[in-house]
Every structure is written in structure tokens, then in C-alpha cells.
Amino acid sequence: MASNQDSSQDLFELAIDRLESDQYAAAIENFNRAIEINPNYTKAYYNRCLAFLHSSDYQHAIADCNTALEQNPDFFEAYLNRGLAYYKLQLPVAAIADFNYFLTTNPNDFRAYYDRGLVYFEQRSYQKALSDYNRALELISENNTQLQVAIHNDRGETYLQLKNFELAIEDFSRAIALGMEDANYYCNRGYAFRQLNKYLLAIDDFTESIRLNRKQGAAYVGRGFALYKSGRHSEAHIDFLQAAEYFRDYGKMQQFHQIIYLIKILRRDSPFTSKALLT
């Protein structure tokens, strides 16, 4: 007959399989059962924390990290994931404190720099975010393509905020070149091109962004402005109408009214002929 220890281990391994298969509810259920058998199972609390993080249940994720650290204060991975949960709950001071503490013993772990960079970006501390993204890119494995792409995109967005559009374009281009067809990357690069008055390149990027994801307002707005600046007023009008429809359909009424106001202003100076958006 299997011992309780053996049973908790079996449940733990089953939970890990579920976690790695993105079956988070099933993983949590199996971690729960493992912990019922062995309440001192530190790794079960820590890994259940991961499942809670993926399920956007950040309060329970923090509670599990706390328990794991109570049982083993040297379980530093818990600081990393608790910091991420604090970040998701918009508690930047607590998040940064956890990332800083983690880095005292893991100074070459790119994850903490990247996650801390995300927090600094949200705080509008763009130079600090940039420094952390740079360090993360220095440390990350060349084989970790997916996270390289994410960091390049986030660093590109930081350059946008700093109005360094050329470097932003380099980062977005790198993200695209690494093989990730993401509508946001093209939209972001299109915005940078538009800021540099490179309207044809901007239009191409916004068009590709829309091809990849037709349900987004930012790309229609961006392309609309680029078209308007290129003298293609009727096409711009159609894009602004598409953007307004998107914002209305998704309940983003402030943006909706802003676009409608913009259309009214532009129509005073442009030969728009398309039918007005019905409200």
C-alpha cells in the first residue's frame, strides 16, 4: 500500500503534467490534494502559485508564495513569482522589493530584470526600464526566441515613450524578424514610422497589422492618420469609421467619441464622401 508521502508525490507529479499542459484548473486540484496529504510540501505551494498566476488569481498566488517562504526562506523562486503577482495587482513597490531581493542571490537571472523592467515601465521610469530590458537581453539564451521577442517589443515601446523612434523601429523589426507574426509589433512599428513622417512604411505596417487582427482600433487610427497625411483623405475617413465602430462595439466610448469628433473636424477641410457612421 502506498504511503501518504508516495501519494502526495504522485499527485504532485500529475499536477506538474497538468501545469505544463496549460490545464491550470486540473493542476490546482491535484496540488490541493497533494497539500492535503502533506501540508509541508513546499514545492507544491510554489508550483500551485504558478498555476494561480496563469489563472490570474493573484491573491492566491501570493498566499502560496508566502507559505512556501515560511516553510523555506531560501526558496528564492517564490520571491520572483510573488513579485510578478504584486505587479499584476498594481503594487509596484512590493513587486520591485521582491525582484531586488531575488537578484541579490541570482544576479544573472534575466527573468527578474525583465519583470522589474515591466514594473518600471508602468511607473513611467523609462530609463530604469530600458536598463533592465538591456540587461535581460544580455543574459537571455539565444534559444529562448519567444521571450527575446517579448523583450524587444517591450523595449521598443519604451523607446516610443522616450521618442527615440529609430531605436524603437529597430526593436520592433527584430521582434518581427525572429518569426513572430504579431499584429501589435507591426502596429507599434507603424506608429514609429508615422512619427518619423515615413507614411508609406507606416501604412504598410498598419495594413499588415490589420491583416493579422482585424479587430483592433489602434491600427485603423494609425493608418487613418498616415493616409490623411499622404493626401488619401477618403481612405483615411473609412479607417477612422472602422476605428470608431471597433471602439463602440467594445464599449470604449471615450475613444469612440474622440474619433467621431476627429472625423467632424477633418471633414471641414477634406472632401469626405463616405456615409457617416450610424450611432
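List of remarks:
- Most mobile listed residue (Q90, Q254, Q148) in the chain, GNM with C-alpha springs under 10 Å: Q254
- Degrees between helix 253-267 axis and first principal axis of the chain (Cα, 0 to 90, nearest 10): 20
- Alpha-carbon spread of the stretch 1-75, three principal axes, descending order, Å: 38, 29, 17
- From largest to smallest, the equivalent ellipsoid semi-axes obtained for the stretch 198-279 from the alpha-carbon gyration tensor read 18, 17, 9 Å.
- Mean separation of Cα contacts under 8 Å, 6 or more apart, over the residue count of the stretch 76-227: relative contact order %: 13
- Degrees, to the nearest 10: 233-249 long Cα axis against longest axis of the chain: 40
- Between R268 and E122, the contour length at 0.36 nm per residue exceeds the alpha carbon distance by 48.7 nm.
- Under the criterion of Cα pairs below 8 Å and six or more residues apart, the relative contact order for the chain equals 7 percent.
- Efficiency of FRET from Cβ geometry, T207 and Q90, R₀ 35 Å, rounded to 0.05: 0.50
- The stretch 143-248 - Debye-derived log10 I(q)/I(0), Cα point model, q = 0.11 Å⁻¹: -0.32
- Here the stretch 164-235 and the stretch 38-86 have alpha carbon centers that stand 40 Å from each other.
- C-alpha long axis of helix 165-177 to longest principal axis of the chain, angle in °: 60
- Using just its DSSP H runs of length 4 or more, each adding -39500 (n - 2.57), the chain gives a mean residue ellipticity at 222 nm of -24500 deg cm²/dmol after division by all residues.
- Straightening the chain between N134 and Q146 buys 2.7 nm, computed as 0.36 nm per residue apart minus the Cα-Cα spacing.
- Averaging the sequence gap over all C-alpha pairs within less than 8 Å and six or more residues apart, then dividing by the number of residues, gives the stretch 1-116 a relative contact order of 16 percent.
- In the stretch 75-172, the GluC sites (Glu not before Pro) that fall in loop regions by DSSP, at most 14 other Cβ within 10 Å: E142
- Legend: residue pairs K88/K198; K128/K215; K163/K215; K88/K252; K128/K229; K88/K128, Cα-Cα distance threshold 25 Å; pairs beyond threshold, K88/K198; K128/K215; K163/K215; K128/K229.
Quick note: the coordinates plus some simple rules give every number you see, no bench work behind them. Owing to the predicted nature of the structure, the values given are computational and were not obtained by experimental measurement. All Cβ positions, even for glycine, are placed from backbone atoms using ideal geometry, and neighbour counts span all protein chains on display.
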